[in-house]
1. Check SER86, SER52, SER43 and return the single one that is polar (S, T, N, Q) and at pLDDT 75 or above.
2. Of the residues TYR247, TYR199, only one is part of a strand (DSSP E or B), hydroxyl-bearing (Ser, Thr, Tyr) and over 18 Å from the mean Cα position of the chain (by Cα); which?
3. Working only within the range 167-185, note down all residues that are in contact with a Lys or Arg (Cβ under 6 Å, 6 or more places away or on another chain) and either at pLDDT 90 or above or within 17 Å of SER84 (Cβ to Cβ) (or both).
4. Got at least one residue in the range 63-73 being in a strand (DSSP E or B) and under 30 Å from GLU162 (Cβ atoms)?
5. Tell me the strands (runs of 3 or more DSSP E) entirely within the range 75-155 that contain at least 1 residues that are of a type outside the set (S, T, N, Q), crowded, with 17+ Cβ neighbours inside 10 Å and touching a Gly at 6+ places or on another chain (Cβ under 9 Å).
6. Which condition from (1) within 17 Å of the chain's Cα centre (by Cα); (2) at pLDDT 90 or above; (3) farther than 30 Å from SER225 by Cβ is the one that PRO128 breaks?
7. How about the range 202-233: which of its residues are surrounded by 13 or more Cβ atoms within 10 Å (Cβ to Cβ), polar (S, T, N, Q) and part of a strand (DSSP E or B)?
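The values are calculated or read from the model by the stated rules, or taken from the named source; none is laboratory data. Here the structure is a predicted model, which means the values were calculated and not measured. A quick note on method: Cβ atoms are made from the backbone with ideal geometry, for glycine too, and the neighbour counts reach across all protein chains shown.
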Amino acid sequence: MKLANTLTLFVTAILFSILSTAQNTDKDFLPRKGDFGTTIIVSGLIDNINLSPNKSSYGQNILFAKYYLEDDLTLRVGLGFNVSRSVSESSDSSGLFLNEVDSMRRNSSMNVSIGIEKHLTNNKRLDPYLFCQLDLSFIGKSKTETDDRQISTIGTASNNREVIRDGGFGIGVNAGGGFNYFLAKNFSVGSEVYLGLQYVSIGGGISDNTTNTTAGGNRSSTFNSREDITKTTNLNVTPTAEINFSYFF
(Lines give C-alpha, C1' and ligand atoms only; values in the text may rest on other atoms or scores of the structure.)
Protein backbone atom coordinates (compact mmCIF):
# COMPACT_ATOMS: atom_id res chain seq x y z
CA MET A 1 0.00 0.00 0.00
CA LYS A 2 2.87 2.41 0.84
CA LEU A 3 4.51 1.75 -2.53
CA ALA A 4 1.21 2.28 -4.36
CA ASN A 5 0.70 5.62 -2.57
CA THR A 6 4.25 6.69 -3.40
CA LEU A 7 3.78 5.85 -7.07
CA THR A 8 0.45 7.70 -7.15
CA LEU A 9 1.97 10.83 -5.62
CA PHE A 10 4.93 10.65 -7.98
CA VAL A 11 2.76 10.34 -11.08
CA THR A 12 0.47 13.13 -9.85
CA ALA A 13 3.47 15.41 -9.33
CA ILE A 14 4.67 14.70 -12.85
CA LEU A 15 1.24 15.46 -14.30
CA PHE A 16 1.09 18.83 -12.52
CA SER A 17 4.60 19.57 -13.73
CA ILE A 18 3.53 18.70 -17.28
CA LEU A 19 0.49 20.96 -17.16
CA SER A 20 2.55 23.88 -15.91
CA THR A 21 5.52 23.54 -18.30
CA ALA A 22 4.32 21.80 -21.46
CA GLN A 23 3.21 25.05 -23.06
CA ASN A 24 6.37 26.99 -22.15
CA THR A 25 8.84 25.52 -24.62
CA ASP A 26 9.51 26.18 -28.26
CA LYS A 27 11.37 22.94 -29.00
CA ASP A 28 9.79 19.63 -30.06
CA PHE A 29 11.34 16.78 -28.08
CA LEU A 30 9.09 13.91 -29.26
CA PRO A 31 10.40 11.02 -31.38
CA ARG A 32 9.37 10.82 -35.01
CA LYS A 33 8.92 8.19 -37.71
CA GLY A 34 11.91 5.84 -37.85
CA ASP A 35 13.08 6.45 -34.27
CA PHE A 36 13.90 3.46 -32.06
CA GLY A 37 13.97 3.29 -28.27
CA THR A 38 13.86 1.17 -25.14
CA THR A 39 12.53 1.51 -21.58
CA ILE A 40 13.39 0.46 -18.03
CA ILE A 41 11.05 0.23 -15.05
CA VAL A 42 11.59 2.24 -11.86
CA SER A 43 10.19 0.83 -8.61
CA GLY A 44 10.71 1.12 -4.87
CA LEU A 45 10.57 3.89 -2.30
CA ILE A 46 12.76 6.98 -2.29
CA ASP A 47 15.46 5.30 -0.19
CA ASN A 48 15.32 2.02 -2.13
CA ILE A 49 14.96 2.78 -5.84
CA ASN A 50 15.28 -0.23 -8.17
CA LEU A 51 15.69 -0.38 -11.93
CA SER A 52 14.41 -3.46 -13.73
CA PRO A 53 13.53 -4.59 -17.26
CA ASN A 54 9.97 -4.89 -18.52
CA LYS A 55 8.13 -8.12 -17.75
CA SER A 56 5.73 -10.25 -19.75
CA SER A 57 2.29 -11.28 -18.50
CA TYR A 58 3.88 -14.54 -17.32
CA GLY A 59 6.43 -12.62 -15.24
CA GLN A 60 9.46 -13.13 -17.47
CA ASN A 61 12.05 -10.41 -17.89
CA ILE A 62 12.05 -9.21 -21.49
CA LEU A 63 14.17 -6.96 -23.67
CA PHE A 64 11.64 -4.33 -24.66
CA ALA A 65 11.86 -1.90 -27.57
CA LYS A 66 9.68 0.58 -29.46
CA TYR A 67 9.87 1.60 -33.09
CA TYR A 68 7.97 4.57 -34.57
CA LEU A 69 6.20 3.34 -37.72
CA GLU A 70 4.67 6.81 -38.06
CA ASP A 71 4.84 9.96 -35.98
CA ASP A 72 1.74 8.80 -34.09
CA LEU A 73 2.02 4.99 -34.41
CA THR A 74 4.55 2.87 -32.51
CA LEU A 75 5.40 -0.83 -32.64
CA ARG A 76 6.11 -2.45 -29.24
CA VAL A 77 8.24 -5.61 -29.26
CA GLY A 78 9.59 -7.73 -26.40
CA LEU A 79 11.74 -10.86 -26.31
CA GLY A 80 12.82 -12.81 -23.27
CA PHE A 81 14.51 -16.06 -22.30
CA ASN A 82 14.61 -17.71 -18.90
CA VAL A 83 16.86 -20.65 -18.04
CA SER A 84 16.80 -21.83 -14.43
CA ARG A 85 19.06 -24.45 -12.85
CA SER A 86 19.18 -24.94 -9.08
CA VAL A 87 21.41 -27.41 -7.25
CA SER A 88 21.40 -28.28 -3.56
CA GLU A 89 23.56 -30.59 -1.45
CA SER A 90 23.10 -31.70 2.14
CA SER A 91 24.59 -34.26 4.50
CA ASP A 92 23.56 -35.50 7.94
CA SER A 93 25.28 -37.95 10.26
CA SER A 94 22.87 -40.17 12.17
CA GLY A 95 24.19 -43.02 14.28
CA LEU A 96 26.18 -45.43 12.11
CA PHE A 97 25.01 -43.82 8.85
CA LEU A 98 25.92 -40.76 6.85
CA ASN A 99 23.03 -39.47 4.77
CA GLU A 100 23.84 -37.37 1.71
CA VAL A 101 21.21 -35.81 -0.58
CA ASP A 102 21.96 -34.05 -3.86
CA SER A 103 19.17 -32.52 -5.90
CA MET A 104 18.97 -30.58 -9.13
CA ARG A 105 16.06 -28.86 -10.88
CA ARG A 106 16.09 -27.11 -14.23
CA ASN A 107 13.56 -25.56 -16.58
CA SER A 108 13.38 -22.91 -19.29
CA SER A 109 10.90 -20.61 -20.98
CA MET A 110 10.72 -18.01 -23.74
CA ASN A 111 8.45 -15.03 -24.30
CA VAL A 112 7.55 -13.02 -27.40
CA SER A 113 5.52 -9.81 -27.01
CA ILE A 114 4.16 -7.57 -29.74
CA GLY A 115 1.82 -4.61 -29.61
CA ILE A 116 0.91 -1.25 -31.04
CA GLU A 117 0.61 2.27 -29.61
CA LYS A 118 -1.59 5.05 -30.93
CA HIS A 119 -0.32 8.47 -29.87
CA LEU A 120 -3.04 11.03 -29.29
CA THR A 121 -1.62 14.55 -29.45
CA ASN A 122 1.25 16.48 -30.95
CA ASN A 123 2.41 18.38 -27.89
CA LYS A 124 6.08 19.45 -27.70
CA ARG A 125 6.80 17.40 -24.57
CA LEU A 126 3.68 15.53 -23.46
CA ASP A 127 2.99 12.29 -25.35
CA PRO A 128 -0.16 10.39 -24.24
CA TYR A 129 -1.09 7.16 -26.00
CA LEU A 130 -3.32 4.09 -26.00
CA PHE A 131 -1.94 0.60 -26.56
CA CYS A 132 -2.74 -3.08 -26.86
CA GLN A 133 -0.24 -5.91 -26.58
CA LEU A 134 -0.13 -9.68 -27.07
CA ASP A 135 2.23 -11.85 -24.97
CA LEU A 136 3.11 -15.42 -25.97
CA SER A 137 5.01 -17.60 -23.49
CA PHE A 138 6.54 -20.98 -24.33
CA ILE A 139 7.33 -23.05 -21.24
CA GLY A 140 9.87 -25.85 -21.58
CA LYS A 141 9.98 -29.20 -19.80
CA SER A 142 11.09 -29.25 -16.17
CA LYS A 143 13.46 -31.91 -14.89
CA THR A 144 14.13 -32.79 -11.25
CA GLU A 145 16.84 -35.24 -10.17
CA THR A 146 17.42 -36.43 -6.61
CA ASP A 147 20.28 -38.63 -5.41
CA ASP A 148 19.81 -39.89 -1.84
CA ARG A 149 22.76 -41.90 -0.42
CA GLN A 150 23.06 -43.75 2.91
CA ILE A 151 26.70 -44.53 3.67
CA SER A 152 27.75 -47.07 6.30
CA THR A 153 30.62 -49.44 7.04
CA ILE A 154 29.04 -52.15 4.88
CA GLY A 155 28.68 -49.97 1.78
CA THR A 156 26.50 -47.33 0.19
CA ALA A 157 22.79 -47.65 -0.45
CA SER A 158 21.29 -45.13 -2.83
CA ASN A 159 17.98 -43.95 -4.20
CA ASN A 160 18.06 -42.06 -7.50
CA ARG A 161 14.88 -40.40 -8.76
CA GLU A 162 14.28 -38.49 -11.99
CA VAL A 163 11.00 -36.66 -12.67
CA ILE A 164 10.35 -35.00 -16.04
CA ARG A 165 7.24 -32.88 -16.58
CA ASP A 166 6.03 -31.51 -19.90
CA GLY A 167 5.96 -27.76 -20.34
CA GLY A 168 3.17 -25.68 -21.80
CA PHE A 169 2.28 -22.25 -23.05
CA GLY A 170 0.72 -18.98 -21.97
CA ILE A 171 -1.07 -16.22 -23.80
CA GLY A 172 -1.81 -12.77 -22.43
CA VAL A 173 -3.61 -9.72 -23.78
CA ASN A 174 -3.02 -6.30 -22.25
CA ALA A 175 -4.74 -3.03 -23.12
CA GLY A 176 -4.48 0.39 -21.58
CA GLY A 177 -2.95 3.81 -21.84
CA GLY A 178 0.03 5.81 -20.77
CA PHE A 179 2.09 8.90 -21.32
CA ASN A 180 5.66 10.00 -21.87
CA TYR A 181 6.93 13.37 -20.75
CA PHE A 182 10.15 14.32 -22.52
CA LEU A 183 12.60 15.97 -20.17
CA ALA A 184 15.07 16.35 -23.04
CA LYS A 185 15.33 15.35 -26.67
CA ASN A 186 14.80 11.56 -26.90
CA PHE A 187 14.65 11.10 -23.09
CA SER A 188 11.36 10.76 -21.22
CA VAL A 189 9.73 9.68 -17.98
CA GLY A 190 6.27 8.17 -18.06
CA SER A 191 3.79 5.64 -16.79
CA GLU A 192 1.30 3.08 -18.06
CA VAL A 193 -2.00 1.83 -16.67
CA TYR A 194 -3.50 -1.33 -18.13
CA LEU A 195 -5.81 -4.28 -17.69
CA GLY A 196 -4.74 -7.78 -18.65
CA LEU A 197 -6.18 -11.19 -19.39
CA GLN A 198 -3.89 -14.23 -19.22
CA TYR A 199 -4.34 -17.95 -19.91
CA VAL A 200 -1.65 -20.50 -18.98
CA SER A 201 -1.62 -24.27 -19.56
CA ILE A 202 1.24 -26.27 -18.01
CA GLY A 203 1.82 -29.99 -17.98
CA GLY A 204 0.81 -33.06 -19.87
CA GLY A 205 2.86 -36.19 -19.42
CA ILE A 206 4.95 -36.78 -16.31
CA SER A 207 7.56 -39.54 -16.18
CA ASP A 208 8.89 -40.70 -12.80
CA ASN A 209 11.88 -43.06 -12.84
CA THR A 210 13.40 -44.38 -9.58
CA THR A 211 16.44 -46.63 -9.17
CA ASN A 212 17.24 -48.23 -5.80
CA THR A 213 20.65 -49.75 -5.05
CA THR A 214 21.30 -51.65 -1.82
CA ALA A 215 24.58 -51.58 0.10
CA GLY A 216 25.23 -55.05 -1.28
CA GLY A 217 24.95 -53.88 -4.88
CA ASN A 218 21.48 -55.19 -5.75
CA ARG A 219 19.56 -52.83 -8.02
CA SER A 220 15.85 -52.40 -8.79
CA SER A 221 14.00 -49.83 -10.86
CA THR A 222 10.46 -48.53 -11.08
CA PHE A 223 8.98 -46.36 -13.81
CA ASN A 224 5.68 -44.50 -13.63
CA SER A 225 3.97 -42.14 -16.04
CA ARG A 226 0.80 -40.10 -15.67
CA GLU A 227 -1.03 -37.10 -17.04
CA ASP A 228 -1.13 -33.86 -15.07
CA ILE A 229 -2.28 -30.60 -16.65
CA THR A 230 -2.81 -27.29 -14.87
CA LYS A 231 -4.78 -24.54 -16.60
CA THR A 232 -5.26 -21.05 -15.16
CA THR A 233 -7.03 -17.93 -16.40
CA ASN A 234 -6.35 -14.59 -14.71
CA LEU A 235 -8.09 -11.28 -15.27
CA ASN A 236 -6.23 -8.34 -13.73
CA VAL A 237 -9.22 -6.23 -12.81
CA THR A 238 -7.06 -3.83 -10.80
CA PRO A 239 -4.95 -1.59 -13.06
CA THR A 240 -1.20 -1.88 -12.68
CA ALA A 241 0.79 1.35 -12.86
CA GLU A 242 4.51 1.44 -13.61
CA ILE A 243 6.93 4.35 -13.87
CA ASN A 244 9.41 4.05 -16.70
CA PHE A 245 12.29 5.89 -18.32
CA SER A 246 12.65 5.76 -22.12
CA TYR A 247 15.45 6.72 -24.46
CA PHE A 248 15.12 6.97 -28.24
CA PHE A 249 17.75 6.98 -30.97
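1. Values: SER52 fails: at pLDDT 75 or above; SER43 fails: at pLDDT 75 or above.
Checking each option against the conditions leaves just SER86.
2. Numbers: TYR199 fails: over 18 Å from the mean Cα position of the chain (by Cα).
None of the others qualify; the one that does is TYR247.
3. Of everything in the range 167-185, just one residue is in contact with a Lys or Arg (Cβ under 6 Å, 6 or more places away or on another chain) and either at pLDDT 90 or above or within 17 Å of SER84 (Cβ to Cβ) (or both), namely GLY167.
4. At the first step, the residues of the range 63-73 found to be in a strand (DSSP E or B) are 63-70, 73.
Subsequent filtering for residues that are under 30 Å from GLU162 (Cβ atoms) retains none.
Within the range 63-73, none of the residues are in a strand (DSSP E or B) and under 30 Å from GLU162 (Cβ atoms).
5. Working: elements: 97-119, 126-139, 142-152.
Ranges flagged: 97-119, 126-139.
6. For PRO128, the failing item is (1).
7. In the first step, residues of the range 202-233 are kept if they are surrounded by 13 or more Cβ atoms within 10 Å (Cβ to Cβ); the result is 202-215.
Still in the list and also polar (S, T, N, Q): 207, 209-214.
Listed by number, the residues that qualify are SER207, ASN209, THR210, THR211, ASN212, THR213.
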